[in-house]
Amino acid sequence: MIKLLFFVLIGGIVYWRLRHPRPAAGAAAVARPVEDMVRCAHCGLHLPRGEALGSGAIWFCGEAHQRAHRY
Ligand SMILES: [Zn+2]
């Protein structure tokens, strides 16, 4: 009887795992659109283009570095 319960339990776990597979490691990264990374021309920090200041080929991580590079 105990053995039967054990197998029912194992079967239940296997069934549950098949119904709810763990998301793959890369799934989270794929779900989010990958944004282009740009490099701060002043300090070399890499950051998403949406957070960077600048245009074209020259980007900065913040206003301070944009100013520091300009003057
Ligand atoms: Zn910078």
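The values are calculated or read from the model by the stated rules, or taken from the named source; none is laboratory data. What you see is a predicted model; the values in this text were computed from it and never measured. Note that we place each Cβ from the backbone using ideal geometry, even for glycine, and neighbour counts take in every protein chain shown.
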What's the total number of residues in region 4-47 that are at pLDDT 90 or above, over 18 Å from residue 64 (Cβ atoms) and surrounded by 11 or more Cβ atoms within 10 Å (Cβ to Cβ)?
1
Which ones in region 33-49 are more than 10 Å from the ligand (Cβ to nearest atom) and out of contact with any strand residue (DSSP E or B) (no Cβ under 9 Å at 6 or more places or on another chain)?
33, 34
Which residue, of 56, 50, is of a type in the set (Gly, Ala, Ser) and at pLDDT 85 or above?
50
Looking at region 59-71, which of its residues are more than 23 Å from the chain's Cα centre (by Cα) and modelled with pLDDT of 90 or more?
63, 64, 65, 66, 67, 68
